[in-house]
């Protein structure tokens, strides 16, 4: 089923307002009970259902109580019933880092499907390692390319793609 540009744009505005309110119930009002929520950047598994999503959302506020999302661009594909919310995320480092450092990173909320006017399929994409570097929790990337940086954190040394 396709959605209109107007519906998607309105949903994007309500989405940003709900997340920036830090009110779990406001976020969940936008979510279909049978949501498929894929944010395995932050969460250890794909979330199935609104009840599981409450735990995830509450954890966001606990880890980053001052997180804020600023819309950079909103893209729509009304014939497919999809949209992409490109955002700039800002937050103070979680308390466990004992730091007042802040991060500023880009990310995307990808709306893959809607049912009954509610989000039913979601995919998150953002750069967690950059957030951690800005908090001082990871060393600088240096000149490492691709997965080379992450492998270096595991003591895997330097590698280059062979071709």
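Bear in mind that the values in this text are calculations on the coordinates, not laboratory data. Here the structure is a predicted model, which is why all the values come from computation and not from measurement. Note: ideal-geometry Cβ built from the backbone for every residue, glycine included; neighbour counts use all protein chains shown.
Some points to look at:
- Number of residues in segment 82-99 that are surrounded by fewer than 18 Cβ atoms within 10 Å (Cβ to Cβ) and closer than 11 Å to residue 134 by Cβ: the value is 4.
- Hey, residue 123 under 22 Å from residue 25 (Cα atoms) and assigned to a strand (DSSP E or B) or not: yes
- If you filter segment 43-70 down to residues that are within 20 Å of residue 108 (Cβ to Cβ), free of Cβ contacts under 8 Å to residues at least 40 places away in the same chain and in contact with a helix residue (DSSP H, G or I) (Cβ under 6 Å, 6 or more places away or on another chain), you find that the one that is surrounded by the fewest Cβ atoms within 10 Å (Cβ to Cβ) is 43.
- Test: residue 17 is surrounded by fewer than 16 Cβ atoms within 10 Å (Cβ to Cβ) and assigned to a helix (DSSP H, G or I): yes
- All positions within segment 74-100 that are within 24 Å of residue 32 (Cβ to Cβ), in contact with a helix residue (DSSP H, G or I) (Cβ under 7 Å, 6 or more places away or on another chain) and assigned to a loop (DSSP other than H, G, I, E, B): 78
- Scanning segment 26-60 for residues that are within 15 Å of the chain's Cα centre (by Cα) and either on the phi > 0 side of the Ramachandran plot or assigned to a loop (DSSP other than H, G, I, E, B) (or both) yields a total of 8.
- Top-ranked residue in segment 133-149 [being within 21 Å of the chain's Cα centre (by Cα) and assigned to a helix (DSSP H, G or I); ranked as surrounded by the fewest Cβ atoms within 10 Å (Cβ to Cβ)]: 134
- Any hit, segment 61-73, residues being under 22 Å from residue 36 (Cα atoms) and in a helix (DSSP H, G or I): yes
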